[in-house]
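Read the structure below first, then the notes.
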Amino acid sequence: MRDNLLAFLKITLGSLRDLAPVVLLVLVFQLLVLGQPLPNALELGLGLAFVVLGLTFFIFGLELGLFPIGESMAYAFARKGSVLWLLLFAFALGFGTTIAEPALIAVAGEAAAIAADGRMIEDSERAMARYALGLRLTVAVSVGIAIIIGVLRILRGWPIHLMIAGGYVLVVCMTAIAPKEIIGIAYDSGGVTTSTITVPLVTALGVGLASAIRGRNPMIDGFGLIAFASLTPMIFVMGYGMLYA
């Protein structure tokens, strides 16, 4: 209990230190550059306190729960020796964490609204909901496949730089032929998928798996899954746009 309390306090101090440059920047521009007092200073202070607490609880939760469970499950699958179950778990992890990603939900909803305004789809709630859901499912499936590829890379020792370079060559080629309206969404999809829910569990999976397999280095082989998770959505979303068009 005492160790957890000390860890919580340490993370809180770290959150304050990380947010301090942002707060200082805002104060400098607001007071010195714009020459205006802070509006609603009390509310801003309260909001900042909530941000610090939220960031602290989030990081503490990752270290206390998500990272250990991800690594322990990777160890268990490696000991079990079943590649099929490991790959199924990798896909389910990538799909499940991505479909629940708040940033993806927001971007998909905004993309559906813009598509309706631009008359790419019918301007109705049902059409926008279908478009947004299709976009979310496409991205989630792509991330699931990306995690499978990343796990196979760890198992087989494939060179990550060649795989990533080949993927981006494909992205560039697809950009030349994909509908212009979908390209920006596709590129943003690669970023929003690697956010608060996906990154901790996927990173824990990679590190745990590389630690459990003899001959693999967690520092060299354990990281890199997120790179695949940010690459494949661009390919799949541009393909989705081609089919939808």
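The values are calculated or read from the model by the stated rules, or taken from the named source; none is laboratory data. Treat the numbers as computed from the prediction; the structure is a model and nothing was measured. With ideal geometry, Cβ positions are generated from the backbone for all residues, glycine too; neighbour counts draw on all protein chains shown. With ligands, DNA and RNA removed, areas are computed over all heavy atoms of the protein, side chains included. Shrake-Rupley method; radii C 1.70, N 1.55, O 1.52, S 1.80 Å.
Which of the following residues is more than 15 Å from Ile197 (Cα to Cα), without any contact (Cβ under 8 Å) to a residue 40 or more places away in the chain and under 15 Å from the mean Cα position of the chain (by Cα): Ala108, Ala112, Ala116, Ala76? Before the answer, list the steps.
On the way: Ala112 fails: under 15 Å from the mean Cα position of the chain (by Cα); Ala116 fails: under 15 Å from the mean Cα position of the chain (by Cα); Ala76 fails: under 15 Å from the mean Cα position of the chain (by Cα).
Matching residue, one of Ala108, Ala112, Ala116, Ala76: Ala108.
Anything in the stretch 215-245 that is open to solvent by 50 Å² or more (accessible area, probe 1.4 Å), of a type in the set (A, V, I, L, M) and touching a residue at least 40 places away in the same chain (Cβ under 8 Å)? List them, or say none.
Met242, Ala245, listed by residue number.
State whether one or more residues within the stretch 108-117 are at pLDDT 90 or above, farther than 25 Å from Ile220 by Cβ and either open to solvent by less than 60 Å² (accessible area, probe 1.4 Å) or part of a helix (DSSP H, G or I) (or both).
Looking for residues that are at pLDDT 90 or above, farther than 25 Å from Ile220 by Cβ and either open to solvent by less than 60 Å² (accessible area, probe 1.4 Å) or part of a helix (DSSP H, G or I) (or both), one finds none in the stretch 108-117, hence no.
If I ask for residues that are over 16 Å from Ala92 (Cα atoms) and open to solvent by less than 30 Å² (accessible area, probe 1.4 Å), which ones from the stretch 186-208 would you list? Steps first, answer last, please.
So in the stretch 186-208, the residues over 16 Å from Ala92 (Cα atoms) come out as 186-192, 195-196, 207-208.
Matches in the stretch 186-208: Ala186, Ser189, Gly190, Val192, Val207, Gly208.
Looking at Leu88 and the list (1) touching a helix residue (DSSP H, G or I) at 6+ places or on another chain (Cβ under 8 Å); (2) free of Cβ contacts under 8 Å to residues at least 24 places away in the same chain, which single condition is not satisfied?
Here Leu88 meets the rest and fails (1).
Rundown of residues vs (1) touching a residue at least 24 places away in the same chain (Cβ under 8 Å); (2) touching an Asp or Glu at 6+ places or on another chain (Cβ under 6 Å); (3) open to solvent by 90 Å² or more (accessible area, probe 1.4 Å); (4) not polar (S, T, N, Q), yes/no style:
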position: Val23; (1), (2), (3), (4): yes, no, no, yes
position: Ala41; (1), (2), (3), (4): no, no, no, yes
position: Leu46; (1), (2), (3), (4): no, no, yes, yes
position: Pro68; (1), (2), (3), (4): yes, no, no, yes
position: Gly94; (1), (2), (3), (4): yes, no, no, yes
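With respect to Val107, is the statement that it is at negative phi and touching an Asp or Glu at 6+ places or on another chain (Cβ under 7 Å) true?
Working: at negative phi: yes; touching an Asp or Glu at 6+ places or on another chain (Cβ under 7 Å): yes.
The answer is yes for Val107.
From (1) within 23 Å of Ala74 (Cα to Cα); (2) surrounded by fewer than 21 Cβ atoms within 10 Å (Cβ to Cβ), pick out the condition that doesn't hold for Tyr168.
With respect to (1) within 23 Å of Ala74 (Cα to Cα); (2) surrounded by fewer than 21 Cβ atoms within 10 Å (Cβ to Cβ), Tyr168 is out only on (1).
Which of (1) surrounded by 15 or more Cβ atoms within 10 Å (Cβ to Cβ); (2) of a type in the set (A, V, I, L, M); (3) touching a residue at least 60 places away in the same chain (Cβ under 8 Å); (4) out of contact with any Gly (no Cβ under 8 Å at 6 or more places or on another chain) is the odd one out, the single condition Ile177 does not satisfy?
(1)
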